[in-house]
Every structure is written in C-alpha cells, then in structure tokens.
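Take a look at the structure set out below.
The values are calculated or read from the model by the stated rules, or taken from the named source; none is laboratory data. No experiment lies behind these values; they were computed from the predicted model shown. Here Cβ is always computed from backbone atoms with ideal geometry, including for glycine, and neighbour counts include all displayed protein chains. These area figures cover heavy atoms from the full protein model, side chains too; ligands, DNA and RNA do not enter into them. Shrake-Rupley method; radii C 1.70, N 1.55, O 1.52, S 1.80 Å.
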Amino acid sequence: MEREADVVVIGGGIAGAAILSELTKYQLKSILVEKEPDIASGTTKANSAILHAGFDAHEGTMKAKMNVEGNRIYHERKEELDLDIEWTGSFVAATNDEEMDTIRELLERGNKNGVPGLAIWSGDKLRAQEPNLSQDIKGALWAPSAGVCWPFGLAIAFAENAVMNGAEILRECKVEGFEKKGNAITAVKTDKGTIQTKYVVNAAGIHADEISALAGDTSFTIHPRKGEYVLFDKAARKDMVNGVIFPTPSKTSKGILVCTTTHGNTFVGPNAQDQDDKEDTSVTVQGMNEILQSAKKLLPNLPMGAAITEFAGLRAVSSTGDFILGKSETVSNLLQAAGIQSPGLTSSPAIAAYLAGILVQETGAKKNEHYQKGRPVRHTFHTLSNEKRKQLVKENNRYGRIICRCETVTEAEIVDAIHRPCGARTVDGVKRRTRAGMGRCQGGFCGPRVTQILARELDIPVTEVRKEMRESYMFYNKDKTSGGKA
Amino acid sequence: MGENYDIIIVGGGPAGLSAAYSAEKNGAEKILILERDREAGGILQQCIHNGFGLHHFKQELTGPGYAHRCYESIKNKKSIEILVDTMVLEIRPDKTVLAVNPEKGLMELKAGTIILTMGCRERTRGAIRIPGYRPAGIYTAGAAQRMVNMEGYLPGKKIVILGSGDIGLIMARRMSLEGCKVQAVLEICPFSNGLTRNIVQCLQDYDIPLYLSHTITRIQGKDRISGITAAKVDEHMQVIAGSEFDIDCDTLLLSVGLIPENELSRGAGIAIHPLTNGPIVDQHRETNLPGIFAAGNVVHVHDLVDFVSEEAEIAGKYAALEVRKQTKEPLKDIEVVPANGIRTCVPQHLRLGAEGETVRLFMRVRQPMRKVKLEIRSGGKILLTKPLPVAKPSEMIAVDLPAEKVAGLAEKLEVGIKEGA
Ligand SMILES: Cc1cc2nc3c(=O)[nH]c(=O)nc-3n(C[C@H](O)[C@H](O)[C@H](O)COP(=O)(O)OP(=O)(O)OC[C@H]3O[C@@H](n4cnc5c(N)ncnc54)[C@H](O)[C@@H]3O)c2cc1C
C-alpha cells in the first residue's frame, strides 16, 4: 500500500475522529490510521461517558478551555450529528462542612471558566429529584450544562461524517515509524505500507508518547492510570439515580460517581490505579470492592445483585498534567493531541477545531465547499413509534426480525451498521453502533447470530469473524485440524 | 392486525406447546403461539442428547424428539396457529400483545387470556463478576451448545467450564465428543448443581475433573482467552489465599445458572417473586393480572421438561376455562410459604372455591440433605409428610396435596423439611 495525504491522523479514538471530521471542512486530503479492527477501541470505549460542564480544571489550563468549549459544541451539534447525548446536568454532592466549602470553590472556579448556570442546592432539594441518595448529603453543586453520552457513538458519528466527506479511515493499520527529512516527517510507516504526508496529528491516546518519540519528540511521557467500573441492569433503575452524581473531589481524583447512561443502565466507578502496563485493562477484585463500597456512600441501597458487567479504562496521564495540544517544538510538521485524559471526551470537538485552525493557518487550505453536515440516517427500531415501525418493516422486512432481544435490535439495523461509512467489522463494532449485545445477557443470545450476519454481509467465513481485537476470533471449524482463522 | 384470539401463548417451547395442547382440549377455539426462533421447540432443539420425556411420554427421547412429540400433538389442530420468527415486544395488562415478524410486520393482537411461556435465560459473567480481561472465547454453555449442535461451529478446542449446572455438564460431554479437550469443570459450591446422572455420564465417563468448592479468580488473554486462574474457596465462598493454580484454555463456558425470562412480564406489571425470579402464581398458574397465566421455566426453572409440560397443561386448561367463563370466583386466598429448609415453592398461593382440588406443589431445598422428610402444615396441623432419602437443590421436589385436604384449608400452608425420615 502506497498512499499520499496532506494530513495523517494517528489514532481512531474520540480525539482522532473529531479531528478527522473537522479537517474535512477544508480542502485537505486526510487519512486516519487506527491499529485495531475498529475505531473507538482504546480509552474512548471505557470511561465515565460524561460530558462535563467544566468546573474541575483550573482557569487558564487547556483542560478548562477545551472542556467548556467542547461542551458548547456538543450542544450545538447534537441534532445535526444525531449524537447519543442526554443533557441531564450533574451534581457534586457534599456530606460535611469542609466538602460544602469545596463545592463553593468549584462553583467559583466554574464561573471563571465560563460554565453556565452553576448553583448550590440543598440536600433536600437534591433528594427530591434523586430520592435514593444518602441522607448524609448536605448540599450539592448543580451544573445544568453537563450530560451523559454514548462515548463510542460520538467517535463513530464523527468518523461517519468524515468518511462521508471524503476522508479515509484505515483500520488494522498500526504506525511503526516515520520517514524524516531534517526535522520534518515525510512519510508515516505502518504495518500496511507507507503514507507520504505533509502533516501528522498524533492522537494515539495512551501510546501518544511512543508515537511522538518515534517522530523525534521526547518532550513528554504518558502513563496509564486505570479506572474500573461496574455496570447494572436497567431493571434496577428505580433504585438508582436519574442523572450524574459525583462525590466531592479529592486532590487526586473526581472520585467514584454514580451515573445513569443514555440507555438507562446505571454504572458506578471509576477508581484510580496507577500502573506501568499500557495494555492492562483487566478488572480486579479489590477494584470492584473499592468502587462498590465507595458508591454506597452516595447510594446506600445499591442493588449489588443487578450488576451485569465490569470494565476498565486507562487514563492517559501526561507528564505535564495538562492536555498537550498544538505544534511539536522539535518536529516541524507534527501536531500533538496528547495527554487527553478526562475531560477528553467532552473536549474533543474543541481540540479538533483548535488543531484544524493551526493546520489551516500552516497550509493555507481553503474551505471545502462540498462539506456536508450530519451523517446517514439511523433508524433505532426500539425507540420508534408503532406507525414508523410498521412502515419500516414494509420497506425492509429485516426490520421485522429482532436479533438482540435485550435491546430490541433488528437485523436491518445490524446490516446497516456494517454497511455504513466506516462500518462495523467485528461483533463489538456492531454492538457499539446498534447496542446489540449491550443488554443484560451481554451478547449471550445475539453474539452467535451477529457473528453469522457479519460473515454473510462481509462475505467471509464465520471462523474469520472477530469479537473486537485483532486475534479475537469467535468460532472455530469443526474440522479437527483447523483452529482460529484456518 | 388488531386480530382477536381466545388465547395467545408467548413462547413456543415445550411449555407453550403443552399449554396449547391442553387449552385446545379444554375448549379454547382460537389459539395463537408466538415463537421468536425459526421453529417451535425452544431450547430443546439444541439439546440433542437423551434423557427427556421419561415421566411425560413414558419413553426416553432426545430434546428435539421431545419437542417433536409436543409439536405432533398440536400440529393438525385447526384451532391452533403458530407464528415463528416472531418476537413479542410488549404485553399490556389489557391483554394486547405487540409482536413483529418479517412477513407480517408489526402486529397488535388482542387475547381473551394470555399464557407466558418464554422459558429462561442463562446467567452471564457479569452476574458473577470474574476479574481479568474481556477477551473473545467466553460463552454461556447454552450459546455454545446452539453453535455446536445447530450451526456446526466450535466455540474453541481447549475448554474450561465454570459451574456444574446441567447444561455445563452436558456440554462437557458434547465438547469431548467433538474432539475438544475439556480441562476441568469448576463449581463454587461444595456440591454439584447438576443431576447426578449427568455427573456420571458426562464427566466421570470422560475422565473430566470436577473441582468442587473452586472458582475462577482471573481471566487471562487479551484478544482471545488463553487461560484462567482457579482457586479453592472456604465455606463462606471466599477464596483461600495460596490455593490458586492456572489452567490453560482457549474457551471458557459458563454454566452458572438460569433465570426466568421476565422482561415482558415486568413490562406488563406482573408481580415477580424475588427468589424464583418468575411471576407469582396461584395453583392454576394465573398471575396477579387476571387472565394472564404463566408456566414452565418462566415461572421457576425446572430440571425436567416433563414437569414443564405438566405445569403448562394446568395453565392451558385454566386459561381455556377462563375464556369460556367456566371458572368460579374463589372464596379464599391461601398463602403457601416455604419454611425450614425449603427455598422456593410454587404455586405461591392457592385461590380456592368451596370444593377442593388436588394441588401439586413444586419445591427446591436450600442445601443437600439426606434422610429427611417433607412436612406440609396448616393451622398447626400436619397435612402431609413425605420421606426423602436425599434432597438436593438441583432436584425439584413435587408432591400432590389431595383435594380433601385442600378443601378444608383455612390458614396459610407451610412447607418445610424435618430431620430424620
Ligand atoms: C476512567 C476514565 C474515565 C473518564 N471519564 C471521562 C468523562 O466522564 N468525560 C470525559 O470527557 N472524558 C472522560 N475520560 C477521558 C476520555 O475517555 C479520554 O480523554 C478520551 O477517550 C481519549 O480519547 P483519545 O482519542 O485521545 O484516545 P483513545 O480513545 O485511546 O484513542 C487512541 C487510539 O489510538 C490508537 N493507536 C495507538 N497507537 C497507535 C499506532 N501506533 N498506530 C495506530 N493507531 C494507534 C489506539 O488503538 C486508539 O484507538 C475518562 C477516561 C478514563 C480512563
């Protein structure tokens, strides 16, 4: 594979996807490379999924600026990009006088950062809205502009918009090095071939320091800090919360929060565990116990029996403590989007606009007059009116066959997810686009069926269908000599 | 669309088919079975081993064989219609059923009475919280069974099975027959949760080790599972430090229990029992919503399909009588309470008229016991005792309370276990 581009974006997380989409607004030939079989397979798949209001970060930091601006852009583009976001608002709960002082500080900081509508509520006012919360809560900071989202869905939306506007996304394409001339990159070397390019954007998440070092910039390092979660069945919602509740933060962490997702499942987490291994996203007994115990301080009657899964994500903690954004000081045509830890999900659209701005200035690229907003229409059978459902089945009878019974996902939605721009290639890819397999049986019922649909639509043998990662084959042939792909 | 039926049966497994058979025999005229799979028969279709039907058909059949017998008994009945490939989306308390299939699209159907026979589903990994990664190669035993027996693929080659429920045991044998290596079956309880005959025929005959009081403390492998760490647990089911050991595998099958499938029931507003996880029913299997009945694994997970059919025939009969307005108003409501040693008992209450009727009670004990007796009491009087040489949580106990004893009931019925036979 030999390719040429104006800009190569490395990493298909929320940051890379948002940047790619932003670049298509200009006349720049852009290619995104992602090492895994699908985008949104890194930190973007396992996080708290909260679109923060922006009162945590200190005034003047990149985190503060990008957070507030990113939140604003999501408000603006929610309808246009058909984003799975619910603007629930968020609370920070305080249980004693010291914590009440802290939330007042947060309110002031938020006001300085330009966060709209912050207010302090009494414990009783909070409990009137969230009756399951602990009686120990004395007061709370209310942030109406916060929301919850479907994090991979956001990245996928940006990717679809980008591909629709002519950008290219190469998956299972891992960057292994660079060709350079002086202090400029001339080409990106991947395991699938070389891409000649004028600019490179480094959005490689937890690996951004390695990519930067490969290009010759060793000015920062990234270390992983694990956060674990427990997710609960929707059926337990009545014992849970309606929105987002943080405890009062400590110096090191926002603490273990309780949040009900866009689709009605509640989760608790994350803890914060520093580690060396950038691949270790395993969940631990200690971690799970820690977060369940902590969460009980907010929700004393947490229904432990209703847990359906656990997961962990890695924060990309940078050695500078802030987001690292903009031009590298040592490599002339490398732009960094590194150290994107929380609130990275929220900040990504702002980061994208900021970096696109720099690139436009550098290249003098003109506006793309043909840029189209939005993305192809999605039909979510589950949420439609009966009239609309009837009509859909008439047009395409695969809307009449339910594949995922927990989340009521039809065969037509799955087929569509596979054939959309930057479509699903894996079982988890289908899950992240349609929710098939997200429910209480966690794909026990639909996993094999989704595997068979993927094989049929992609015209590959069932034994080549993967769950998520490169070697994650789902099924083997009965032929006793074969294994995995063979 | 907007069609009316005497009875709508949700689920075409053995419970649904048996309910239809009995409803028809009891005079119901327009019966519709809705089944989401491509044919009727339910989970039995993937249970290609023997051991079904000894009680009900007095003959040892395979799963599909049993399903076929149920199907044969109704397939020529004009009053019974089956729609396959059809998913029920919603059941409303006014007995409207919303269903969809590719051929007919979205259907809104009205029923005189409804029988819920959706069966059960398998518990997954989340419910038991195993630490480690989330790689490919972890399946519930039932999902793997479907893949092997119906679709013709293997979940893997080197297998560890967690949980000694019957599906897990059956799958241990199946995988061995397919040429796979079953490394171990791990069970957290000090006893197996499967039928004794399955332990012998599926594990011992294939030299598969069963580790009782063991669990999995870690899953290894990031893309595809590459092994697990097993450990011994103490009597409180806590891991004993230092007892860990690793087992290689490329597949983990979970057989960690079944739970009634009650999403639709909950949506309709049916009261669910916290221990059976199924609807609370009376002796006719009527739920708290008048005219909505439930039977089989959707009510409580059975270990023998024969009992499922039997229970479904009761529900079918009374659903038919209710449509035909032949049921009598009950005069009293007697609660059935599990007492000493009994974990669950179905039905949970009896709605009785003036004359008595024979009532069959289905129970599960809390722990394995030997040489005990079952005792049924009401108002301080012992109504019935039954010696039980062995009693295990994995084996459902069924007893009939004769009509004359039922007729005189005035106070709640207590069902318990006493030491000494
Ligand atoms: C526990 C936790 C909770 C969080 N909660 C929130 C929250 O509530 N709100 C919020 O706004 N943010 C939150 N965040 C932060 C947010 O999740 C991240 O900031 C965001 O997902 C980072 O996106 P990214 O694109 O930078 O990285 P990633 O999503 O990790 O994407 C990087 C991509 O680069 C690819 N890549 C790496 N190396 C290469 C290579 N050599 N070649 C090709 N591709 C490569 C990776 O495979 C990956 O897909 C949280 C994070 C964590 C860990």
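Charge tally for B:Arg351 (other residues, Cβ to Cβ under 14 Å; Lys, Arg +1; Asp, Glu -1): -4. As a size descriptor, the averaged projected area of the C-alpha convex hull of the protein assembly as shown was calculated at 39.3 nm². Legend: mean number of C-beta atoms from other chains within 10 angstrom of residue C-beta atoms, peptide B:135-143, equals 6. Applied to the stretch A:119-130, the Karplus parametrisation 6.51 cos²θ - 1.76 cosθ + 1.60 on θ = phi - 60° returns per-residue 3J(HN,Hα) values of 7, 9, 10, 7, x, 5, 5, 4, 5, 4, 8, 10 Hz, with x for Gly and Pro. For the segment A:387-395, counting C-beta atoms of other chains within 10 Å of every residue's C-beta and taking the mean gives 3.
Measuring r between the beta carbons of A:Asp277 and B:Val390 and using R0 = 51 Å, the FRET efficiency lands at 0.55. Amide H to amide H distances under 5 Å link B:Arg360 with B:Leu401, where only residues 5 or more positions off or on other chains count and H is placed in the peptide plane. Check each of the trypsin sites (Lys or Arg not before Pro) in the stretch B:57-130 and keep only those in coil by DSSP with at most 11 other C-beta atoms within 10 angstrom; list them in order. Those satisfying the criteria are B:Lys58, B:Lys78. Of the solvent-accessible surface of chain B, computed with a 1.4 Å probe and all protein chains present, 49% belongs to carbon and sulfur. Rounded to the nearest 10 degrees, the inclination of helix B:63-75 to the longest alpha-carbon principal axis of chain B is 20 degrees. For the peptides B:249-260, B:317-328, A:338-349, the ranking by packing is A:338-349, B:249-260, B:317-328, with the highest mean count of neighbouring Cβ atoms within 10 Å listed first. Here the stretch A:381-464 exposes an accessible surface that is 44 percent carbon and sulfur, computed with a 1.4 Å probe and the other protein chains kept in place. Between B:Glu81 and B:Lys58, full extension at 0.36 nm per residue minus the direct alpha carbon distance yields a gain of 5.6 nm. Within the same chain, aspartates and glutamates fewer than 8 places from A:Lys192 are excluded, and of the rest, those with a Cα less than 18 Å from its Cα are A:Glu2, A:Glu4, A:Glu34, A:Glu36, A:Asp38, A:Glu168, A:Glu172, A:Glu176, A:Glu179, A:Glu471. Enclosing the Cα atoms of the stretch B:224-364 in their convex hull gives a volume equal to 162 cubic angstrom per residue.
Entry note, the stretch A:229-293: relative contact order of 34 percent, from Cα contacts under 8 Å with a spacing of 6+ residues.
Shape class for chain B: oblate, because the ratio a/c of the largest to smallest gyration tensor axis (alpha-carbon atoms, square roots of eigenvalues) is 1.5 or more and b/c is at least a/b.
Highest mean packing comes first when the peptides A:233-243, B:329-339, A:264-274 are listed by Cβ atoms within 10 Å, giving A:264-274, A:233-243, B:329-339. Its relative contact order, with pairs defined as Cα atoms under 8 Å and 6+ residues apart, puts the stretch A:381-464 at 24 percent.
In this structure, the amide hydrogen of A:Val317, modeled 1.01 Å from its nitrogen in the peptide plane, lies closer than 5 angstrom to those of A:His223, A:Arg225, counting only residues at least 5 positions away or on a different chain. Here's how it looks for B:Ile82: its modeled amide H is under 5 Å from those of B:Ile33, which are all 5 or more places away or on a different chain. Comparing the stretch A:416-486 with the 2.2 N^0.38 Å rule of thumb, its C-alpha radius of gyration ratio is 1.09 (two decimals).
A 1.4 Å probe run over the protein chains yields, for chain A, 38 Å² of accessible area per residue, whole-number rounding.
Extending 7 Å from the Cα toward the beta-carbon at both B:Asn50 and B:Gln326 defines two label points whose distance is 4.0 nm. Working note: Karplus 6.51/-1.76/1.60 with θ = phi - 60° gives the stretch B:5-18 the couplings 10, 5, 9, 10, 10, 9, x, x, x, x, 5, x, 5, 5 Hz, where Gly and Pro are set to x. Shielding value for B:222-234 is 2, the average number of Cβ atoms from other chains within 10 Å of each residue's Cβ. Under 19 Å Cα to Cα from B:Lys418, which lysines show up? Leave out anything in the same chain fewer than 8 places away. Partners within reach: B:Lys371, B:Lys373, B:Lys381, B:Lys386, B:Lys392. Rounded to the nearest whole Hz, the Karplus-based 3J(HN,Hα) values (6.51 cos²θ - 1.76 cosθ + 1.60, θ = phi - 60°) of the stretch B:294-309 follow the sequence 8, 7, x, 5, 6, 8, 7, 6, 8, 9, 10, 5, 4, 5, 4, 4, with x at glycine and proline. Relative to the compact-globule estimate of 2.2 N^0.38 Å, the Cα radius of gyration of the stretch A:381-464 comes out at 1.04. Note on A:Thr102: accessible area is roughly 40 Å² with a 1.4 Å probe, heavy atoms of protein only. Taking a point 7 Å from the Cα of A:Arg104 along the Cα-to-Cβ direction, the residues of the stretch A:122-165 with backbone N closer than 16 Å to it are A:122-123, A:138-142. Highest average first, the peptides A:55-62, A:451-458 ordered by how many other beta carbon atoms sit within 10 Å of their residues are A:451-458, A:55-62. Cross-link pairs exceeding 19 Å between alpha carbons, from the set A:Lys29/A:Lys63; A:Lys390/A:Lys431; A:Lys25/A:Lys373; A:Lys29/A:Lys367: A:Lys29/A:Lys63; A:Lys390/A:Lys431. Using every pair of separate Cα atoms, the Kirkwood estimate puts the hydrodynamic radius of chain A at 23.3 angstrom.
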